[in-house]
Ligand SMILES: [Zn+2]
């Protein structure tokens, strides 16, 4: 599978997936149909499907236009978001398999950013996951429709994928996320090194995706609530915070909301 990131809107990514025949394609998160359809045409591809991670407008804003432009376009989304994903033709629940553009994938139900959020996991070749606004490089999505404990559970499902899994997330937030991570864990060398690499990429206007599950385990504060330095940093500011993991995670999310 070839994955082509398409920058959309201000800091979103749509991901064009090209199947094994080099012609059939699908797009993950069609926030704006114009640039997606132009890229499809420029590359001589045939767009067969849209995969929507969640119902937010900056992820599904182009679904109707794409469906109008391409007869029989499949639009796949979460069963829990049946009424919220525009132009939906196929609804998936947790663990259900699907096939697009000759690629076999599996839906992972990962609610909390929204109550219907899905990730799309492709295992063959280099395993890849499209994590929408749940897992970002060095960050996680805001809790619009779920609790901290639910987000921990959803992130845990993604963290359980093979270490080499490539992560394609919904936004280019990596640099700011790593600055925040660096403040929580000033002596974490993986965070400091990745921040340097990411600053250089962004200075050149290049995307910082994909990350990998292994990199996220080493750098992402929302997977590192057990880390003693992270906990000590938070405790210095909030001495009365209970020792339990959910409280640490929730406070980390709260600090990031205000960062
Ligand atoms: Zn969102």
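Every number in this text was worked out from the coordinates using simple rules, so none of it is lab data. These numbers come from a predicted model, not from an experiment. Heads up, the Cβs are rebuilt from the backbone with ideal geometry, glycines too, and the neighbour counts pull from every protein chain shown.
Remarks
- The number of residues in segment 96-125 that are away from the ligand (no atom under 16 Å from the Cβ), surrounded by fewer than 18 Cβ atoms within 10 Å (Cβ to Cβ) and at negative phi comes to 8.
- Hey, residue 112 free of Cβ contacts under 8 Å to residues at least 60 places away in the same chain, in contact with a helix residue (DSSP H, G or I) (Cβ under 9 Å, 6 or more places away or on another chain) and under 28 Å from residue 254 (Cβ atoms) or not: yes
- Residue in segment 22-31 that is crowded, with 21+ Cβ neighbours inside 10 Å and over 19 Å from residue 6 (Cα atoms) present: no
- Residue satisfying condition, being within 18 Å of residue 222 (Cα to Cα) and surrounded by fewer than 19 Cβ atoms within 10 Å (Cβ to Cβ), within set 144, 130, 136: 144
- Among residues of segment 85-96 that are more than 14 Å from residue 75 (Cα to Cα), those with a Cβ under 9 angstrom from a residue that is in a loop (DSSP other than H, G, I, E, B), sequence gap 6+ or separate chain, pair up as 94/110.
- All positions within segment 50-95 that are closer than 13 Å to residue 116 by Cβ, in a loop (DSSP other than H, G, I, E, B), within 16 Å of the ligand (Cβ to nearest atom) and in contact with a helix residue (DSSP H, G or I) (Cβ under 9 Å, 6 or more places away or on another chain): 52, 53, 54, 55, 84, 85
- When every residue of segment 222-237 is checked against the conditions, at least one turns out to be part of a helix (DSSP H, G or I), touching a strand residue (DSSP E or B) at 6+ places or on another chain (Cβ under 9 Å) and in contact (Cβ under 8 Å) with a residue 60 or more places away in the chain.
- Count of segment 175-187 residues, restricted to those that are surrounded by 20 or more Cβ atoms within 10 Å (Cβ to Cβ) and either out of contact with any strand residue (DSSP E or B) (no Cβ under 7 Å at 6 or more places or on another chain) or part of a loop (DSSP other than H, G, I, E, B) (or both), is 4.
- Search result, residues across segment 198-214 that are in contact (Cβ under 8 Å) with a residue 24 or more places away in the chain and either in contact with a strand residue (DSSP E or B) (Cβ under 8 Å, 6 or more places away or on another chain) or in a loop (DSSP other than H, G, I, E, B) (or both): 207, 208, 209, 210, 211, 212, 213
- In segment 141-169, the residue that is nearest to residue 257 (Cα to Cα) out of those that are within 12 Å of the ligand (Cβ to nearest atom) and in contact with a strand residue (DSSP E or B) (Cβ under 9 Å, 6 or more places away or on another chain) is 141.
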